[in-house]
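Let me begin by presenting the structure, written as structure tokens, before commenting on it.
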């Protein structure tokens, strides 16, 4: 077998191999006043997960935005970054205007809704045009605010995700996902041993939420049911 064939074979094996999950679950932002930052995010309605201290020089606070799988960490003695230097932190919402209104009511100084004319910029107002995206496209309408230290957040409206980007489980999206799962389960059920559909559906939907294609998710459902049969 030549080098090209070996390379192609390895590439195929790598593509078919199970990918190791590496989930982004915590980001660190630098703040000057821990209590001020904690109060700000708590007023926004973010969950306070932890507040630990060890002496006068170390403290860590963890907060989580509503519905977010990723939390935010700040404190004292945990980073040497200058307070306020973290920019371009994205908060995904299904309705940017409603989210903006709620955050403003909770004390955040939120910009009016805008879209970008000529490319995304996460610092400053370069390229920002007033109002929603003229075509109403997902990923294209924004609002922004800063915490008391100047760390910058962007609200980004996503109503329909691009293929393979996971799901935000509103009723319409969940309905479509269930119909998709039903279709692929029907193809599996036609030749599969007797089983309970809920296990296959669960494995399929988790895989789709993790960004896998419908075909990959169907394989996950099948693998899960095979493992259940082996264990029974």
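Odds and ends about this structure:
- From 73, 24, 120, residue being farther than 18 Å from residue 158 by Cα, under 19 Å from the mean Cα position of the chain (by Cα) and not in a strand (DSSP E or B): 24
To keep it simple, each residue is scored yes or no on (1) over 24 Å from the mean Cα position of the chain (by Cα); (2) at pLDDT 95 or above; (3) outside any loop (DSSP other than H, G, I, E, B).
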position	(1), (2), (3)
32	yes, yes, no
35	yes, yes, yes
56	yes, no, no
80	yes, yes, no
100	no, yes, yes
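- Close pairs from segment 84-95: first over 22 Å from residue 149 (Cβ atoms), partner surrounded by fewer than 16 Cβ atoms within 10 Å (Cβ to Cβ) and modelled with pLDDT under 90, Cβ under 7 Å, at least 6 apart: 94/170
The values are calculated or read from the model by the stated rules, or taken from the named source; none is laboratory data. All values reported here derive from a predicted model rather than from experimental measurement. Because the Cβ atoms are built from the backbone with ideal geometry, glycine has one as well, and the counts that use them run over all protein chains shown.
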